[in-house]
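The values are calculated or read from the model by the stated rules, or taken from the named source; none is laboratory data. Because the structure is predicted, anything quoted here is derived from the model rather than measured. All Cβ positions, glycine included, derive from the backbone under ideal geometry; neighbour counts span all protein chains shown. Quick note on the areas: whole protein, heavy atoms, side chains included, nothing else; ligands and nucleic acids left out. Shrake-Rupley method; radii C 1.70, N 1.55, O 1.52, S 1.80 Å.
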Amino acid sequence: MKTFTLPGTDLVVPNVVLGLMRIQDKTDDEVRTLVRTARDAGIMFLDHADVYGSDLHGCERRFAEALDLSPAERAEWVIQSKAGIVREGPYFDFSYEHLVASVEGSLEALRTDYLDILLLHRPDALVEPEEVARAFSDLHAAGKVRAFGVSNHTPGQIELLRRYIDQPIVANQLQLSVTHAPLVAQGVAANMQGLDQSVSRDGGTLDYCRLHDITVQAWSPFQAGFFTGVFLGSEKYPELNAVIDRLAARYDVPPIAIATAWITRHPAQMQVVLGTTNPERVAGAALGSDVPLTRAEWYELFRAAGYTVP
């Protein structure tokens, strides 16, 4: 498993992350097996959110109940959580009071004294950056959050925050897979008149993150679109799956590893966030971290996914 030091921190992190958004109804043994499989594969980075689960902090609580980590064991993990979504309304809330209360709830649910990273969970159109800055400063000063980031934010939204906050933005969690890759695809087809792929809809988010040492965390790395089902083995993507299967055989890994490798091969040094609760898939996906796709193979997958390469 490849690792790197997360820019803006002293955290050494793997480029594959285990997301724990679907463990609410899992047994203790199932949660332990999932986490143990991740650890054995070199994944020591866990992704949570306050809204994951059937009730607030549900998945965070389920994790802590199943693992019951000692302080020494807790220190072996990088634990990230997210705040800002309010499911019952008002839908998004980046106020000082909400962010602080959410972190306090996460710490209690996770049975830990600190989060390694806190992400703002999707943009709040009514954001008051001074409020976010105050929350970040107080949480950091109290030792409750070590580093901060965002999810699904544009360059302009990040710039607005950076004008006020003292801490660096270390991560931006964004949807990315070989079949859902506007972050990458627009730049490949820039200035091609009449081609939808050439239209910029995000203000150059990927390049912006690279310029500012913000690590992209790719969520839904195996989803064809916005929760429309996985592309692996899908009859809707016969050409792509043929290429994936051929490369999987060449590198002697399962197909899911090739889907991971397409993301981790990118020089932006992104992290892949796995949402599966299947230990076999976790282990298989983790293998992609070490698959050295060639440029030709990377572009072949990209074209087979339906994108234009001029």
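Does at least one position in region 260-275 carry a residue that is open to solvent by 80 Å² or more (accessible area, probe 1.4 Å) and either part of a helix (DSSP H, G or I) or modelled with pLDDT under 95 (or both)?
Checked against the condition, which is being open to solvent by 80 Å² or more (accessible area, probe 1.4 Å) and either part of a helix (DSSP H, G or I) or modelled with pLDDT under 95 (or both), region 260-275 yields no hits at all.
Does Asp202 count as open to solvent by 30 Å² or more (accessible area, probe 1.4 Å) and closer than 18 Å to Leu174 by Cα?
yes
If you go through region 1-15, how many residues are among the aromatic types (Phe, Trp, Tyr) and in contact with a Ser or Thr (Cβ under 8 Å, 6 or more places away or on another chain)?
0
Hey, can you tell me all the residues within region 236-259 that are of a type in the set (A, V, I, L, M) and either surrounded by fewer than 17 Cβ atoms within 10 Å (Cβ to Cβ) or in a loop (DSSP other than H, G, I, E, B) (or both)?
Of everything in region 236-259, those that are of a type in the set (A, V, I, L, M) and either surrounded by fewer than 17 Cβ atoms within 10 Å (Cβ to Cβ) or in a loop (DSSP other than H, G, I, E, B) (or both) turn out to be Ala242, Ala249, Val253.
What is the number of the single condition among (1) in contact (Cβ under 8 Å) with a residue 40 or more places away in the chain; (2) in a helix (DSSP H, G or I); (3) of a type outside the set (Lys, Arg); (4) surrounded by fewer than 17 Cβ atoms within 10 Å (Cβ to Cβ) that Met192 does not meet?
(2)
May I ask you to verify whether Arg32 is among the charged types (D, E, K, R), open to solvent by less than 30 Å² (accessible area, probe 1.4 Å) and over 18 Å from the mean Cα position of the chain (by Cα)?
No: the conditions fail for Arg32.
In region 58-93, how many residues are more than 19 Å from Leu34 (Cα to Cα) and open to solvent by less than 60 Å² (accessible area, probe 1.4 Å)?
Residues meeting the conditions: 7.
Would you point out which residue out of Gly187, Gly233 is open to solvent by 30 Å² or more (accessible area, probe 1.4 Å) and either under 16 Å from Thr276 (Cα atoms) or in a loop (DSSP other than H, G, I, E, B) (or both)?
Every option except Gly233 fails the conditions.
Find the residue count for region 206-227, including only residues that are of a type in the set (Phe, Trp, Tyr) and assigned to a helix (DSSP H, G or I).
1
Take region 94-142 and flag every residue that is of a type outside the set (A, V, I, L, M, F, W, C), out of contact with any strand residue (DSSP E or B) (no Cβ under 8 Å at 6 or more places or on another chain), under 30 Å from Leu67 (Cβ atoms) and open to solvent by less than 20 Å² (accessible area, probe 1.4 Å).
Gly105
When the residues of region 81-93 are narrowed to those that are without any contact (Cβ under 8 Å) to a residue 40 or more places away in the chain and in a strand (DSSP E or B), which ends up nearest to Leu69 (Cα to Cα)?
Top of the filtered list is Ser81.
Cβ-Cβ under 7 Å, sequence separation 6+ or interchain: first residue in region 140-161 and over 18 Å from Gly84 (Cβ atoms) and small (Gly, Ala, Ser), partner open to solvent by 50 Å² or more (accessible area, probe 1.4 Å) and outside any loop (DSSP other than H, G, I, E, B). Which pairs?
Short answer, once both residue conditions are applied: none.
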